[in-house]
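Asker: Input: one structure, supplied below.
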Amino acid sequence: DFPSGYTGYHNHREMVAELNQTVTDHGALVKLSSIGKSYENRDLWALKISDNAGTDENEPEVLFTCNQHAREHLTVEMCLRIIKQYTDGYATNPTIKNLVDSREIWVIPSVNPDGAEYDIASGTFRAWRKNRQGQGTDPNRNWGYQWGCCGGSSGSPSSETYRGPSAFSAPETQRVRDFVNGRVVGGVQQIKTHIDWHTYSELILWPYGYTYNDTAPGLDATQANVFATLGRRMAALNNYTPQQSSDLYVTDGSVNDWMWNAHKIWSYTFEMYPKSASGTSGFYPRDTAIAPQTARNDSAVELFLSYSDCAPRIIGRTC
Ligand SMILES: NS(=O)(=O)N[C@@H](CCC(=O)O)C(=O)O
Ligand SMILES: [Ca+2]
Ligand SMILES: [Ca+2]
Ligand SMILES: [Zn+2]
């Protein structure tokens, strides 16, 4: 479990309990389902938030994924914050009510529960990043677009950025892939926007990660402008630094590149607090940081949801 000074973080059992409590408290506003199992057979939970959540309504869909990287525990708290904001806030905040009534919001609070549990299992942090398959696969190098193309991952199983033996070799990325593929209804992908939450460095990142070029096959100048404009607008609200993923470093097989190329989902990575730290200490802010550093993203998430019906509206275009 989490050591003292960190007990405010949710371990897997506590996270599941929180999801079940949300269902108890908010009935028809939420629907909890498993999208399948992790490598070690833990459920990968997805909570849907919308009016008439039990019905697939013709409303733009939004996906939030957290905890691809095991040690990035603050991201689980961020997904739980989004769940709390858009369920508890429904009755009292008209802006939240309008967003929940006009969208279907999917939240996957932990993509890598095996790794997250392994990181805390000994009672002291192991600084574990990957899943628990063999020596571990980095889920964020295992997605199927430009997998292993460009020196943005490693072929060595012991590496922190091991891409796996093949694209989608990790059960966790397979399950999220299948979930997203399953949201194609009548030939149209219902999910319009996505944020994948990470720590740390306080950044907002957008595709592509596999190339330094601003435009590339499947991503033209207008689309790059939409990504950058919405990214900068959100960064103005949370004071993160907005940039194309590859401005940080080249990554191949990342979730953002796949979400965009395969489905044209406007897909971002948010790297949360802290801005900088010495080594792996940055992954372990004390639990006193949870409330301020998750609430810090409330307005960026609200802006994101408001544009989730048509992100190009941010540059004056229609969909
Ligand atoms: N959270 S992290 O691992 O330190 N940074 C992410 C950055 C993601 C990206 O550049 O798309 C990664 O390398 O997968
Ligand atoms: Ca609805
Ligand atoms: Ca729908
Ligand atoms: Zn990460």
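Asker: Return the single residue from R81, R71, R141 with maximal mean-square fluctuation; model: Gaussian network over the chain, springs between Cα atoms under 10 Å.
Answerer: Per the Cα network of the chain with a 10 Å cutoff, R81 tops the list.
Asker: Can you tell me the Rg and Dmax of the chain, counting just the alpha carbons, in angstroms?
Answerer: 18.1, 52
Asker: Right, here's the next one. For region 117-250, what are Rg and Dmax over the alpha carbons, in angstrom?
Answerer: 16.5, 49
Asker: Here is a follow-up. Using a/c under 1.5 as the rounded threshold, could you call region 215-319 rounded, prolate or oblate? The axes a ≥ b ≥ c are square roots of the C-alpha gyration tensor eigenvalues, and prolate needs a/b larger than b/c, oblate otherwise.
Answerer: The shape class here is oblate.
Asker: Same structure, new question: Tally the DSSP beta bridges in the chain and give the antiparallel ones as a percent, rounded to 5.
Answerer: Around 40 percent of the beta bridges assigned by DSSP in the chain are antiparallel ones.
Asker: So for the pair Q174, E40, with labels modelled 7 Å out along Cα→Cβ, what separation do we get in nm?
Answerer: Distance between the two pseudo-spin positions: 1.9 nm.
Asker: Now a separate question. Take S156 and S4, extend 7 Å from each Cα along the Cα→Cβ direction, and tell me the distance between the two endpoints in nm.
Answerer: 4.0
Asker: For every helix of n ≥ 4 consecutive DSSP H residues, a contribution of -39,500 (n - 2.57) applies; sum these over the chain, divide by its total residues, and give [θ] at 222 nm rounded to the nearest 500 deg cm²/dmol.
Answerer: About -9500 deg cm²/dmol.
Asker: Let me ask something additional. Please find the FRET efficiency linking Q189 to S102, where r is the Cβ-Cβ separation and R0 is fixed at 25 Å, and quote it to the nearest 0.05.
Answerer: 0.90
Asker: Another question, then. Give the accessible surface of the chain per residue, rounded to a whole number of Å², with probe radius 1.4 Å and ligands, DNA and RNA excluded. Could you put the intermediate results ahead of the total?
Answerer: Numbers: 11830 Å² over 319 residues.
Computed with neighbouring chains in place, this is 37 Å² per residue.
Asker: When the label point is put 7 Å from the Cα of C319 along its Cα-to-beta-carbon vector, which residues of region 170-198 have a backbone N closer than 18 Å?
Answerer: Residues 180-196 qualify, since their backbone N sits under 18 Å from the label point.
Asker: Here's something else I'd like to know. Are there any helices in the chain, counted as whole DSSP H runs, that stretch 24 Å or more along their axis by Cα and score at least 0.0 on average by Kyte-Doolittle, and if so which?
Answerer: Working: long enough: 221-238 (25 Å, 0.23).
Span-like helices here: 221-238.
Asker: Now a separate question. Need one number: % antiparallel among DSSP beta bridges in region 1-141, to the nearest 5.
Answerer: On the way: 9 of 14 bridges.
In region 1-141, approximately 65 percent of DSSP beta bridges are antiparallel ones.
Asker: Follow-up. With label points built 7 Å along Cα→Cβ from the Cα atoms of S299 and N213, find their separation and express it in nm.
Answerer: 3.8
Asker: If you don't mind, there's one more thing I want to ask. Which order, highest average first, do 223-234, 50-61, 106-117 follow once you tally other Cβ atoms within 10 Å for each residue and take the mean per peptide?
Answerer: 106-117, 223-234, 50-61
Asker: How far is the Cα center of region 57-75 from the Cα center of region 272-319, in Å?
Answerer: Between the Cα centres of region 57-75 and region 272-319 lies a distance of 12 Å.
Asker: Add +1 for every Lys or Arg and -1 for every Asp or Glu among the other residues with Cβ under 15 Å from the Cβ of E57, and state the total.
Answerer: On the way: positive: K31, K48, R103, R183, K192; negative: D51, D56, E59, E61, D101, E104, D309.
Residues near E57 contribute -2 overall.
The values are calculated or read from the model by the stated rules, or taken from the named source; none is laboratory data. Computed from a predicted model, the values in this text were never measured in an experiment. Quick reminder, even Gly has a Cβ in these numbers, built from the backbone with ideal geometry, and neighbours come from all protein chains shown. These area figures cover heavy atoms from the full protein model, side chains too; ligands, DNA and RNA do not enter into them. Shrake-Rupley method; radii C 1.70, N 1.55, O 1.52, S 1.80 Å.
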